[in-house]
Amino acid sequence: MHILFVADPIESFKIYKDTTFSMMRELQRRGHTLAVCEPQDLAWQRGGEVSAVVRTLRLTGDPLHWFDVSTAEGPQPLRSFDAVLMRKDPPFDSEFFYATHLLEQAEREGARVFNKPRALRDHPEKLAIMEFPEFIGPTLVTRSDAAIRAFHAEHRDIILKPLDGMGGMGIFRVRDDGMNLGSIIETLNQGGANTVMVQRFLPAIADGDKRILLIGGKPAPFCLARIPQGGEVRGNLAAGGKGIARPLTQRDREIAEAIAPVLYARGLLLVGLDVIGENVTEINVTSPTCFQEIHDQTGFDVPAMFVDALEAAFAP
């Protein structure tokens, strides 16, 4: 197959941990050919097809000079590729949103896009958990100062976060004394202009914020528990969390096996569930990671599981 990755600049990849790189490496190992572009390379002209100026990619195996590229002559229609993998990292901003519309038009022209563009739009990563109330802790989504204060009065120890945050950015904990609650509300909801998610604090965060990978409608057998360090409340690797791979618990598997087929049926080939204790806290669909960390620590070949699922999507 000829595979196009829509991603951040490949020059920025940290290949010792980058999930997109691990996908590329496994695809090339199996004989598939690779091309790359960035979202800003997508274009759609009146009367034409969605296209992009792409670069043909070959991985060299040299960790210092790990790729060779050549630029295609002229824009290439996206439908000319066997699969288009949307791997642009968050934030899910207006430009990401517009890119999903261009990719959806490319689908109408015959392209196969993973994850499905409409599904990317329909599953904002924090809000998406609300569809599965049986698997989440007490949670409120609101712009209301009074509603947030009432939630704190009920639960006493809470987490507040912006809906568009990433990597642990903008997450606050307010304990029983309510210290700085008013200031935090003002910071996050900007006088009622921005929607805030509020959740009861889960003490199980001390044991890690687990990333469970759902691939092709099935869970990988290991997760990556991201454990807060140095008094932090956030386990995100971007916020300094330490990643430790573990087998799924019975509860992890129960959650994953209930949610995975629902999301896969909607066109989400790859999903990253974030689970603290026994509660889902986020459903990541834009560019889930942790393939290499799990593979390196357990030997389970997550990239191979992903490419198996991608190839199966083309089986007759």
Residue among Asp177, Asp207 that is more than 22 Å from Gly277 (Cα to Cα) and out of contact with any Cys (no Cβ under 7 Å at 6 or more places or on another chain): Asp177
In the stretch 102-127, the residues that are closer than 15 Å to Leu263 by Cα, surrounded by fewer than 20 Cβ atoms within 10 Å (Cβ to Cβ) and touching a strand residue (DSSP E or B) at 6+ places or on another chain (Cβ under 8 Å): Leu127
Scan of the stretch 184-199 for residues that are within 25 Å of the chain's Cα centre (by Cα) and either within 14 Å of Ile171 (Cβ to Cβ) or not assigned by TED's automatic domain parsing to the domain that holds Ile159 (or both), ordered by number: Leu188, Val196, Met197, Val198, Gln199
Members of the stretch 29-59 that are closer than 18 Å to Ala106 by Cα and buried (at least 19 other Cβ atoms within 10 Å of the Cβ): Ala35, Val36, Cys37, Leu42, Glu49, Val50, Ser51, Ala52, Val54
Residue count for the stretch 136-150, restricted to those that are small (Gly, Ala, Ser) and within 19 Å of Asn279 (Cα to Cα): 1
Some residue of the stretch 151-169 being among the aliphatic types (A, V, I, L, M), under 30 Å from Gly272 (Cα atoms) and more than 26 Å from the chain's Cα centre (by Cα): no
Number of positions in the stretch 92-115 that are outside any helix (DSSP H, G or I), under 17 Å from the mean Cα position of the chain (by Cα) and of a type outside the set (A, V, I, L, M): 4
Those residues of the stretch 227-238 which are out of contact with any helix residue (DSSP H, G or I) (no Cβ under 9 Å at 6 or more places or on another chain), in contact (Cβ under 8 Å) with a residue 40 or more places away in the chain and in a loop (DSSP other than H, G, I, E, B), in sequence order: Asn236
In the stretch 278-303, the residues that are surrounded by 15 or more Cβ atoms within 10 Å (Cβ to Cβ) and of a type in the set (Gly, Ala, Ser): Ser287
Subset of the stretch 72-91 (residues that are within 15 Å of Met23 (Cβ to Cβ), in a strand (DSSP E or B) and of a type outside the set (A, V, I, L, M)): Arg87
Among the residues listed as Ile171, Ile148, Ile159, the single one being under 30 Å from Met23 (Cβ atoms) and β-branched (Val, Ile, Thr): Ile171
Filter pass, Glu26 being assigned by TED's automatic domain parsing to the domain that holds Leu102 and surrounded by 12 or more Cβ atoms within 10 Å (Cβ to Cβ): yes
Scope the stretch 247-257; condition in contact with a helix residue (DSSP H, G or I) (Cβ under 9 Å, 6 or more places away or on another chain) and either modelled with pLDDT under 95 or surrounded by fewer than 17 Cβ atoms within 10 Å (Cβ to Cβ) (or both); matching residues: Pro247, Glu254
Check on Ala43, in a loop (DSSP other than H, G, I, E, B) and either modelled with pLDDT of 95 or more or β-branched (Val, Ile, Thr) (or both): no
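The values are calculated or read from the model by the stated rules, or taken from the named source; none is laboratory data. Since the model is a prediction, treat every value here as computed from it, not as a measurement. Positions of Cβ are generated from backbone atoms using ideal geometry, with glycine treated the same way; all protein chains shown enter the neighbour counts.
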